[in-house]
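Undergrad: Pasting in a structure now, in structure tokens, and then I'll have a few things to ask.
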Amino acid sequence: MNEWNRTWDRKAGEGDMLSRAGRSRSGTAGLKASIDWVLASLDVSADDEVLDIGSGPGLISNELASYSKSVVALDRSHAMVKAGRIFHGKGAEFCWVVGDAHQLPFADRQFSRVLGYGVHQFMPSLRAFSESVSEIRRVLRPGGIAVLGANPDLELQENLIAKLQEENSSTDEMLRSLSDTLWMSRNTFVEICSENGLVAETFDIDRPAWYASYMFDAILRG
Ligand SMILES: C[S@@+](CC[C@H](N)C(=O)[O-])C[C@H]1O[C@@H](n2cnc3c(N)ncnc32)[C@H](O)[C@@H]1O
């Protein structure tokens with residue numbers, strides 16, 4: 001198991017839901033802004049069957065349920081799924097699954113919308129990221145939309161270094177964000193999506209979030 005997997009298993013049992021989701025630094029305002037952006041970008045409607053990959057404790061999945069037909073919240077961490085089970089979504093069929101983004105336990109074309117927020121950065125290599133995009137493509141219906149939020153931008157890495165120097169309180173975990181997460185240029189991201197049959201558009205993050213200065217968002221279409 002890699003170090004990040006251990007981190008998420010541990011975080012699943014500590015503190016409030018924001019901290020379990022790794023969202024303490026951006027707080028409630030950051031979470032609300034993420035949710036608003038996801039709802040708009042996924043363009044979710046009452047007919048949609050949604051998969052949330054790397055859902056953490058389900059703070060976004062739970063909101064998606066108010067606007068869609070069904071939501072599956074998937075996370076590789078058993079502990080995270082256990083923590084999240086207090087949420088079960090209002091209005092939609094809602095289901096929790098322990099599973100891995102690289103091998104989604106679902107049928108081809110099962111979903112009309114797929115979300116992965118703050119997840120792909122924890123993949124060990126570009127190859128692993130490509131496998132995960134291939135899986136998104138497989139489970140997404142033609143005409144469907146996938147949103148991958150908060151991806152570390154290789155060309156903005158210096159912004160994180162500057163932030164950590166400014167704060168002068170870099171934790172081991174934040175230092176690991178520099179050395180042990182998947183930093184990608186937007187071009188590489190778009191190419192890997194294209195190789196897997198998805199057209200990706202990337203965006204600056206212009207909402208209040210601690211990571212906004214060094215990450216980008218993306219919308220993928222089949
Ligand atoms: C930063 S949290 C994000 C949680 C949630 N998406 C949010 O935005 O609030 C990252 C989550 O991704 C999960 N994760 C990391 N790698 C994964 C993988 N390969 N497959 C499924 N889940 C994964 C972790 O267990 C963790 O719960």
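Here, each number is a calculation from the coordinates, and none is a lab measurement. Because the structure is predicted, anything quoted here is derived from the model rather than measured. FYI the Cβ positions are ideal-geometry reconstructions off the backbone, even for glycines, and counts take in every protein chain you see.
Undergrad: Normalising by the residue count of segment 43-190, find the relative contact order in percent from Cα pairs under 8 Å and 6+ residues apart.
TA: Contact order relative to length: 21 percent.
Undergrad: Dipole size in debye (nearest 20) for segment 117-222 around its Cα centre, Lys and Arg Cβ +1, Asp and Glu Cβ -1?
TA: 540 debye
Undergrad: For the pair residue 29 and residue 82, how long in nm is the line joining their label points, each one 7 Å along Cα→Cβ?
TA: The answer from the label model is 3.6 nm.
Undergrad: Now for a different question. Rounded to the nearest angstrom and ordered from largest down, what semi-axes does the equivalent ellipsoid of the chain get from its C-alpha gyration tensor (root of 5λ)?
TA: 25, 21, 16
Undergrad: OK, next. Separation between the residue 125 and residue 110 pseudo-spin-labels, each 7 Å from Cα along Cα→Cβ, expressed in nm?
TA: 2.7 nm
Undergrad: Describe numerically, in nm with one decimal, the distance between label points set 7 Å from Cα along Cα→Cβ at residue 213 and at residue 155.
TA: A separation of 1.9 nm, rounded to one decimal place.
Undergrad: Report the calculated FRET efficiency for residue 141 and residue 187 (r = Cβ-Cβ distance, R0 = 25 Å), to the nearest 0.05.
TA: The pair residue 141/residue 187 has a calculated efficiency of 0.35.
Undergrad: How large is the convex hull of the C-alpha atoms of segment 57-97 per residue, in Å³?
TA: Output value, Cα hull per residue: 48 Å³.
Undergrad: Next up: Which peptide among 100-109, 45-54, 67-76 comes first, and what is the full order, when sorted by highest mean count of other Cβ atoms within 10 Å?
TA: Result, highest mean first: 67-76, 45-54, 100-109.
Undergrad: Rank by packing, highest mean first: peptides 17-26, 198-207, with packing defined as the count of other Cβ atoms within 10 Å averaged across residues.
TA: Per-residue Cβ counts within 10 Å, averaged per peptide and sorted highest first, yield 17-26, 198-207.
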